[in-house]
Structure formats: C-alpha cells, structure tokens
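What follows is a short report on a single structure.
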Amino acid sequence: MSLQDASRTAAIRGTAPGFPIGLIALDIDGTLVGDDLVVGPRTIDAVRAAKARGVAVSLVTGRMVSSAMRFARELGLTDPIIGYQGGLIRAMPEAGSTRLGKLLVHTPLQPATARAIVTWTREHGLDPHLNHLERFILREDDPRADDYSAFMGARAELWPDLLQIDHPITKILAVGEPPLPTEMAPAAAAAFAGVADVTISHPRFLEFVAPGVSKGRAIRWLARRLGIPLARTLAIGDQWNDIEMLAEVGHGAAMPTAPSEVKAVARYVAPAVADEGVAQMIERLVLVDEREARAASRDLANLADRMRAAAAEDLAG
C-alpha cells in the first residue's frame, strides 16, 4: 500500500476469516524465499498439495513478472502472477511455453512523473532504477549492475541518462542504505501525492508506483476474477508493501521479520523463512479438514495476539 495510508490501515485487521481457504497469495522475497532465493522442498510439496485440492495459488510480488516466473514454475502454478506491487498482472503461460503470459493489467506512472521521481530520489541520496513491463533499466555506470541482474534473473538495460524517459514507466525502485529509504518515505509520499504512491518492499528499497496501485487492489482483482471471497483467502508477506493485502483478506499472515505495522494488520504471524513458514501455514490452514482449520486459525490468531502484546510491553519497558 502507499505509506500515506499506512497509519489508517494499521487499525484494520482484515475481514472475518472464512473456510475453506480457496486462494493463497504469496509474496516472494523474505516470505517464500530467503537471501539464498531457494524455495524449500516442504514449501513446494505444500503448495502442490494445495493445488491438488483445487486451491488457487498466486505470487504477489514487487518483482517484475518475468523475474517471478521461475518461482511460479518451480511451484507448478497456473494462476496469474501479480508483479510490481500490482502495477502489472500477467496470466501464467502454458506449460512448456517460453513466452510471457498474456498481459491482464498494466497501470504505469506517467513519463513526466517518472522523470520527476528520478530527479527527486537522486537529490535525496537514493539511486533510482526503472522498471517497464519486463525491462529492468539502470544507469550505465552502476557498479552493481551484475548483482542486480543476478537477483532479478534478467539482464539489466544500461542507459547513459535515466531522464531520457519518454513513455510510461511501470515502477521506479530507489536504492539506499538503511535507514535512508524508510526515513525518506514520508517526504516522498508528500512530494508525489496524487501522481505516485510510495511504499517499501525492503529496507533498502523505496518504491514508486502509479496512484492506487497496491497488492491490496491486486488481490481484490484476483479474488473477483477467480470467484473466491477475500474471507477465504490466505495471504503471506513481510514488508510495508504487503500491508494492504494482509488487511484485505480473512487470513493475513506476516512473517516474523515484518515491521510492527505489518504485523498489526495480520491475523497471524508465520514461522520464519528458514523454517519454511509458508509451508507450515498451508499445512495448518489448508491441508486439513475444515474443523481442524478453524481450530488452527483460532490458535494462530491467539498466538499472534500474545506476540504483539509481548512486543508492546518490551517497547514500553
């Protein structure tokens, strides 16, 4: 979601949970995978078992769709992939196809806004990167171009001048050393109110998308498309950009590394990535009968409440 609305949304705890769960929405980095970018075998088994039960599973990420595709294929997914915080959504291509899936939704930033964001972020000590459709664009002298290309799973385009933008841009990601991106987020939101929304997908990444774009809007779109109530949706994420998505669904789960604002809107706190927390949530809430799922939901929600209360006491003390 946009940081402008974070304090308002933090007061929401999603909709009442419904059963059985029919849709699972998964963030990738920090949720599905850790720094090694490896999906664990238990997670693969759990996702495939959920699909075998007829549950829809989709990746909802800040990455470009082509970068998310390898994870979707590893998990055997067939439902649409949501990229760029919801700024772009593609259908999953047919098995064996080397083509990208059909473009279903694209909501980009206007060129003038994109140029203004590039200028503003540079003036405030951040290094902007451009994303348009499946293009990943860096300044040509970026010393970490190879590292970013490896992370994204795609070769970056190198431009001599990022201000040469003459067409809409899907997303701008501005990189900085923590805590600079988080500290600059309120000023960025104020500077671009009405023409861009601002969020944080990682402590090093301040992101700019078109107004209204969020994972929350995207999960509403996906649930409507699939005919699955949001109450019967499980969404798992770990960062500010996951807040609206977690607040929208009946079964929102924050990773234990998530900021307190993210945990505040989540019904559950999942186990860590290293412990394959995604798999454990699916096993307890999806791969059981409805009676067991309802009991697990109550237990997990109570545990999350106790964790939040303990964290609040530690902060107060």
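Where Rh denotes the Kirkwood radius from the mean inverse Cα pair distance, what is Rg over Rh for the range 83-127?
Numbers: Rg = 15.7 Å, Rh = 13.0 Å.
Looking at the range 83-127, the ratio lands at 1.21.
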statement: Out of Ile243, Ile200, Ile165, a Gaussian network model of the chain with alpha-carbon springs under 10 Å gives the largest mean-square fluctuation to Ile165
- prompt: Across the Cα atoms of the chain, what radius of gyration and what greatest pairwise Cα-Cα distance (Dmax) are found, in Å?
  reply: 18.8, 60
statement: Expressed in angstrom and rounded, the centroid-to-centroid distance over alpha carbons for the range 52-114 and the range 269-317 is 28 Å
task: Taking the chain as the reference, fit the longest principal axis to its C-alpha atoms, fit the long axis of helix 41-52 to the helix C-alpha atoms, and give the angle between the two in degrees, 0 to 90, nearest 10.
output: 70 degrees
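Going by a ≥ b ≥ c, the root eigenvalues of the Cα gyration tensor, does the range 122-251 fall in the rounded group (a/c under 1.5), the prolate group (a/b larger than b/c) or the oblate group? Don't jump to the answer; show the numbers that get you there.
On the way: a/c = 1.93, a/b = 1.66, b/c = 1.16.
Note, shape of the range 122-251 comes out prolate.
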- prompt: In degrees, nearest 10, range 0 to 90: what is the angle between the Cα axis of helix 215-226 and the longest Cα principal axis of the chain?
  reply: 60 degrees
query: Reachable lysines from Lys263, Cα under 25 Å, same-chain residues fewer than 8 places away excluded?
result: Lys215
- request: Give me the aspartates and glutamates in straight-line cross-link reach of Lys51: C-alpha distance below 20 Å, same-chain residues under 8 apart excluded.
  value: Asp27, Glu74, Asp79, Glu94, Glu276, Glu283, Asp289, Glu290, Glu292
Helix-only [θ]222 nm of the chain, DSSP H runs n ≥ 4, -39500 (n - 2.57) each, per residue, nearest 500: -11500 deg cm²/dmol
Probe 1.4 Å, accessible area per residue of the chain, Å²: 41 Å²
query: What is the list of residues in the range 150-178 whose amide nitrogen lies under 16 Å from a point 7 angstrom out from the Cα of Glu140, following Cα to Cβ?
result: 156-165
- line: With Cα springs under 10 Å, the Gaussian network model of the chain assigns the largest mean-square fluctuation among Arg155, Arg115, Arg144 to Arg144
Spin-label pair Asp147/Ala193, simplified geometry with 7 Å Cα→Cβ offset, distance in nm: 3.6 nm
message: If I compute solvent accessible area with a 1.4 Å probe over the protein chains, what percent of it on the range 1-149 is carbon and sulfur?
response: 49 percent
message: Angle check, please: helix 65-75 long axis (alpha carbons) against the longest principal axis of the chain (alpha carbons), in degrees 0 to 90, nearest 10.
response: 30 degrees
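Can you work out the FRET efficiency for the pair Ala295 and Ile44, with r the C-beta to C-beta distance and R0 = 35 Å, to the nearest 0.05? Don't skip to the end; give the middle numbers.
Values: r = 26 Å, r/R0 = 0.75.
So the FRET efficiency works out to roughly 0.85.
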task: Once you have a ≥ b ≥ c as the square roots of the Cα gyration tensor eigenvalues for the range 58-137, tell me rounded if a/c is under 1.5, and otherwise prolate or oblate according to whether a/b is larger than b/c.
output: prolate
- request: Hey, can you grab everything whose amide H is under 5 Å from the amide H of His251? Only 5+ residues off in sequence or another chain; H modelled, so Pro and N-termini drop out.
  value: Thr233, Ala235
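Does the range 24-85 classify as rounded, prolate or oblate by the C-alpha gyration tensor (a ≥ b ≥ c root eigenvalues; a/c under 1.5 gives rounded; else a/b over b/c gives prolate, otherwise oblate)? Can you show the working numbers first?
On the way: a/c = 1.93, a/b = 1.23, b/c = 1.56.
Oblate is the answer for the range 24-85, as a/c is 1.5 or above yet b/c matches or exceeds a/b.
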Extent along principal axes [Cα atoms of the range 240-317; Å; largest to smallest]: 41, 26, 24
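The values are calculated or read from the model by the stated rules, or taken from the named source; none is laboratory data. Quick caveat: nothing in here was measured; it's all calculated off a predicted structure. Positions of Cβ are backbone-derived with ideal geometry, glycine not excepted, and every protein chain shown enters the neighbour counts. All accessible areas refer to the heavy atoms of the entire protein, side chains included, with ligands and DNA or RNA removed. Shrake-Rupley method; radii C 1.70, N 1.55, O 1.52, S 1.80 Å.
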